[in-house]
1. Just to check your reading of the model, which residue among Phe349, Phe337, Phe305 is surrounded by fewer than 19 Cβ atoms within 10 Å (Cβ to Cβ) and touching a Phe, Trp or Tyr at 6+ places or on another chain (Cβ under 8 Å)?
2. Would you point out the residue of the range 135-159, among those that are of a type in the set (Asp, Glu) and assigned to a loop (DSSP other than H, G, I, E, B), that is farthest from Lys13 (Cα to Cα)?
3. May I ask you to list the residues in the range 384-410 that are out of contact with any Pro (no Cβ under 7 Å at 6 or more places or on another chain), under 19 Å from Asp353 (Cα atoms) and surrounded by 12 or more Cβ atoms within 10 Å (Cβ to Cβ)?
4. Among the residues of the range 257-275, is there at least one that is modelled with pLDDT of 75 or more, under 30 Å from Thr89 (Cα atoms), in a loop (DSSP other than H, G, I, E, B) and among the aliphatic types (A, V, I, L, M)?
5. Given the criterion modelled with pLDDT of 85 or more and over 21 Å from Pro331 (Cβ atoms), identify the matching residue among Gly403, Gly424.
6. Of all the strands (runs of 3 or more DSSP E) wholly in the range 1-85, which have at least 1 residues that are assigned by TED's automatic domain parsing to the domain that holds Pro122 and surrounded by fewer than 18 Cβ atoms within 10 Å (Cβ to Cβ)?
7. State which residue pairs qualify: first residue over 16 Å from Glu274 (Cβ atoms) and not assigned by TED's automatic domain parsing to the domain that holds Ser296 and inside the range 201-218, second residue surrounded by fewer than 18 Cβ atoms within 10 Å (Cβ to Cβ) and among the charged types (D, E, K, R) in any location, beta carbons under 8 Å apart, and separation of 6 or more residues or different chains.
Amino acid sequence: MPHIHISVVEGIKSICFDTGLDPRSFARTKMSQSLIEPGYYVFPDGSSRVWKSTSVNVFDGLMRVWGSSFSGERLDLIINEIFSSRRDTLYRAAAKQTALQAVTAWIRAKLLLGETHSALSPGAAFVSCNDAETEYPKGSIFFCPDNLSQRCLFVEGAEPNYYYCPDLKGMEAVAFCAATMLYRILALTHPFPIVETVYQDMREGVFLPPKLAVPGLDGKLCSLIQAALMLPVEIKGAGKSGTDILSGMLNILMDGEGDVVTISSLYRQAKPEEKKQIEKEKNFFLTRKKITVSVSRFVKRNKPFLIVGAIFLAIAVFITASILSSRNARPTTAGMFSDAVVFIYYEAFNTLDHILMEACLMGADKTDVNAVVHLYVTDKVRQANEYRTTSSYISARAWQQQGRDLPAPNVFGVTDLFVRNVGGSERDGIVFYRADYTLWHPHEPISYNRSDELTLKRDRRRNWRITEIRRTDR
């Protein structure tokens, strides 16, 4: 038996709330406060009346709250009757019409109560569907006490929050609940059918639009249901208000005489080609939505890891770009003739340009490069210690051209360079040169007269490079 139901208590037909709590637990959880919580009767003529519980008793060892009765059925059970085991077309059509009438009465009652807080769950509302009833005429609604009904529905396992989003309040929450019930009646499925992700789906607007779920349904009603279901997603104040949505629904669902329209009047016959187009749009929407939702939730779920990964990726890209930029900025022998490569190699001694010297070599001995690197590093350390921006070494060739005597304590470089071709052919990709020169070292009283035999070949980029240096000191 449902935990919210109509039964006879002490010989009186009453609305009963089976809390599922023993007397001790009932007292400990302060459920006794629910005895003063009001419920509401709302009648078709627009009048309303407050309901108060009559008493509390023990039934089968558990506490039961009860009060004055109501002639009607629970709204959630009326909706569920559409999906009962009796699935013949006539029965389902009648059940759908009854459910539509009940939900329409529920919407009207909520608008009549306005901002008065009343239970939202369909399981906490009773609707009178009996034309013969006089005390509670057809269309009358009873809203159960909110907290008490939520407790009973929780014990019952009736998913009390299945029809509304916890992020919404007031009339927006009412509009969302009304749209959910209408969607279920008209589309024969819940807009958010996956219980495990129902709240997440509500907050992200993950549902099939009513115009695709119910082909041919009245366009205005589709728009209102869509607007209501999107309320948890919309920026506050950006969409329609809950009251506007509910009023719009009521205008469509009720005719000029105040009766609920037939479900068939809410549909128009769609043409075969239109049905095909809607089915195509539906499949496209479902595929796209599945991808976007999966990606969005993956990003949200793994946001910290993705941020860290993005940082590392950015660092890696920056380092790679820096390496490539540095490599592209390094000097090369591109476009040079073989003799020019020899001349710039020895000229680099005078400027301590070890990078250019290394660019001229390809497999040749790097003794000269290492010597220049040593002087270059020593010079930079001295500049830092002495707060200078200029080098302490002077080019030997420049010193000589100024008429100064060699050797000198701060002079380094090559003078008296003489280069000549001694064999090979550029056409054959190998040439031989002989270079005679004098090398001056700082703080050394004598110079080095050298004669180098150099072999040059083309690298894979067709640039000339020195591959071998055979040296003789004269």
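The values are calculated or read from the model by the stated rules, or taken from the named source; none is laboratory data. This is a predicted model, so every value here is computed, not measured. Positions of Cβ are generated from backbone atoms using ideal geometry, with glycine treated the same way; all protein chains shown enter the neighbour counts.
1. Values: Phe349 fails: surrounded by fewer than 19 Cβ atoms within 10 Å (Cβ to Cβ); Phe305 fails: touching a Phe, Trp or Tyr at 6+ places or on another chain (Cβ under 8 Å).
After ruling out the rest, the residue left standing is Phe337.
2. If we filter the range 135-159 for residues that are of a type in the set (Asp, Glu), which is where we start, we get 135, 146, 156, 159.
Subsequent filtering for residues that are assigned to a loop (DSSP other than H, G, I, E, B) retains 135, 159.
Details: Glu135: 14, Glu159: 27 Å.
So, considering only residues that are of a type in the set (Asp, Glu) and assigned to a loop (DSSP other than H, G, I, E, B), the one farthest from Lys13 (Cα to Cα) is Glu159.
3. Residues satisfying the conditions are Ser391, Ser392, Ile394, Ser395, Ala396, Arg397, Ala398, Trp399.
4. The answer is yes; a qualifying residue exists.
5. Numbers: Gly403 fails: modelled with pLDDT of 85 or more.
Unique residue meeting the criteria: Gly424.
6. Numbers: elements: 4-9, 12-18, 39-42, 48-51, 53-59, 62-68.
Answer list for the range 1-85: 4-9, 12-18, 48-51, 53-59, 62-68.
7. Between residues of the range 201-218 that are over 16 Å from Glu274 (Cβ atoms) and not assigned by TED's automatic domain parsing to the domain that holds Ser296 and residues that are surrounded by fewer than 18 Cβ atoms within 10 Å (Cβ to Cβ) and among the charged types (D, E, K, R), the close pairs are Met202/Asp167; Arg203/Asp167; Val206/Lys289; Leu208/Lys282.
Each row is one residue, and each column tells you yes or no for (1) under 27 Å from Ala187 (Cβ atoms); (2) assigned by TED's automatic domain parsing to the domain that holds Ile79; (3) touching a residue at least 24 places away in the same chain (Cβ under 8 Å).
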residue	(1), (2), (3)
Lys110	yes, no, yes
Pro122	yes, yes, yes
Asp131	no, yes, no
Leu148	no, yes, yes
